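Just below is one structure, and these are the notes that go with it.
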Amino acid sequence: GAVSGDTANAIILSKASGINLGSLPYYTPRTLTLEADDEAALNLAALESKDANGKERSYTLSIKGALDFNVPGLTAGKITVEDVVNVNLAAFKGEITVGNGVENVTMGALSEDFTASTNDLVTVNLTADAADKSINLTGAEGLLSATIAGKIEAVTLSGNNDLETVAITAALQNLTIENTSIEEATLEHTNSNLVEKASLVVKDNEDLTSLTADNVDGLATLTITNNEELETISFASLKAVPTKADAGAKVTIGGSTANANALNAIDINQDAVGSDDGTFISDSGIDGLKAY
């Protein structure tokens, strides 16, 4: 294999402006470390996760320093990326570790857990086929945009202080959006395992003014708390769906006195003292949850 210093299967040229392996369709040890300048031109376009007989083979790759890491033929194995500006893996189903210096990640066949807490991450565009896995973006402070499609069990957005855009169309079970800077959240996701375990938690988002989740049609847990600017919500499909063997749903909407949601009533009328009957009139959309 390629050797640099005492490290086998490695090309370590930390000041190099480019590494061109564009004619390499297969590397026999299937373990390779590449290191170059932070914005080096890296070409691995021909590399595929299959041998000469067409059998799928896993690679272990470590990439440090590149402008783009785009390998359409990689499908299996383990990848570690650091100081790579753009990562684009259209068919990769294996494990990925995202380190510092990675700004934009696009994956088209995510089948494992995805965790990225680096402050350098700016955008993620993830299409998943992993109904028992999770996407956790907790602590990615510089994240501006998150696009998530396909199938996934859980998605967590937390502590994303610069977040501007969330586009989630995946079928998923649990979604948490907390302590972000998102102002309008229009969620287009559907539920998987909706009547037993599904949850939606939206809390501590100080700039959030509206929340729409019109495709969600069943939740065991709904939490909307401490979003002090939140004035309108919409759950067009969330009706009286039995949850957890008819045990009912756990619903928490409100918050502390200092920063509760702004889902204000226009008028509240009670038919008589001690009566459970009356009316709650609001243009916030909260009355649309009555059946649920």
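The values are calculated or read from the model by the stated rules, or taken from the named source; none is laboratory data. None of the values given here were measured: they were computed from a predicted structure. Backbone-built Cβ (ideal geometry, glycine too); neighbour counts: all protein chains shown. The protein model used for the area step is the full one, side chains on, heavy atoms only, and it has no ligands, DNA or RNA in it. Shrake-Rupley method; radii C 1.70, N 1.55, O 1.52, S 1.80 Å.
Equivalent ellipsoid semi-axes for segment 1-159, as square roots of 5 times the alpha carbon gyration tensor eigenvalues: give them largest first, rounded to whole Å.
Values: eigenvalues 136, 75, 28 Å².
For segment 1-159, the semi-axes come out at 26, 19, 12 Å.
How many percent of the accessible area of segment 62-132 is carbon or sulfur, using a 1.4 Å probe?
Working: 1090 of 2650 Å².
After summing per-atom areas, the C and S share lands at 41 percent.
Under 8 Å for C-alpha pairs, at least 6 residues apart: give me the relative contact order for segment 69-167, rounded to a whole percent. Display every interim value, and only then the final one.
Numbers: 288 pairs, mean separation 19.2, N = 99.
Rounded, it is 19 percent for segment 69-167.
Provide the percentage of antiparallel DSSP beta bridges, counting only those with both residues in the chain; round to the nearest 5.
Restricted to the chain, the bridges split so that about 10 percent are antiparallel.
Which net charge results for the neighbourhood of Ala167, defined as the other residues with beta-carbon distances under 13 angstrom from its beta-carbon, given Lys and Arg at +1 and Asp and Glu at -1?
Charge balance in the 13 Å sphere: -3.
Can you give me the relative contact order of the chain as a percent, contacts being Cα pairs under 8 Å and 6 or more apart?
On the way: 883 pairs, mean separation 22.3, N = 292.
This gives 8 percent for the chain.
As a test, work out the antiparallel percent of DSSP beta bridges whose residues both lie in segment 7-114, rounded to the nearest 5. Provide the component values of the computation, followed by the final result.
Details: 1 of 30 bridges.
About 5 percent, rounded to the nearest 5.
Excluding residues on the same chain fewer than 8 positions from Lys78, give the aspartates and glutamates whose Cα lies under 20 Å from its Cα.
Glu35, Glu48, Asp51, Glu56, Asp68, Glu95, Glu103, Glu112, Asp113, Asp129, Asp132
Taking a cut-off of 25 Å between Cα atoms, list the lysines near Lys197, but don't count ones fewer than 8 places away on the same chain.
Candidates past the 8-residue exclusion: Lys133, Lys151, Lys239, Lys244, Lys250, Lys290.
Hey, what do the phi angles of segment 163-180 turn into as Karplus ³J(HN,Hα) couplings, whole Hz, using 6.51/-1.76/1.60 and θ = phi - 60°, x for Gly and Pro?
With coefficients 6.51, -1.76 and 1.60, one gets 4, 10, 9, 10, 10, 10, 10, 5, 7, 9, 9, 10, 10, 10, 10, 9, 6, 10 Hz.
Roll a 1.4 Å probe over the protein chains and send me the accessible area per residue for segment 1-121 in Å². Intermediate values should be presented prior to the final figure.
Numbers: 5760 Å² over 121 residues.
Here the residues of segment 1-121 average 48 Å² of exposed surface.
Can you compute 3J(HN,Hα) from phi for each residue in segment 92-102, using the Karplus curve 6.51 cos²θ - 1.76 cosθ + 1.60 with θ = phi - 60°, rounded to whole Hz and x for Gly and Pro?
6, 10, x, 8, 10, 10, 9, x, 5, x, 9
Exposed loop trypsin sites (Lys or Arg not before Pro) only (DSSP loop, at most 14 other Cβ atoms within 10 Å): please give the longest stretch of the chain free of them, not including the sites.
Values: sites that count: Lys15, Lys55, Lys239, Lys244, Lys290.
Counting at most 14 other Cβ atoms within 10 Å as exposed, the longest clean stretch of the chain is 56-238.
Taking only the C-alpha atoms, wrap a convex hull around the chain and report its volume per residue in Å³ as a whole number. Provide the component values of the computation, followed by the final result.
Working: hull volume 39.3 nm³, N = 292.
Given the Cα convex hull of the chain, per-residue volume reads 135 Å³.
Mind jotting down the three principal axis lengths of segment 75-173 based on Cα atoms? Whole angstrom, largest first.
Principal axes ranked by extent give 28, 27, 16 Å for the Cα atoms.
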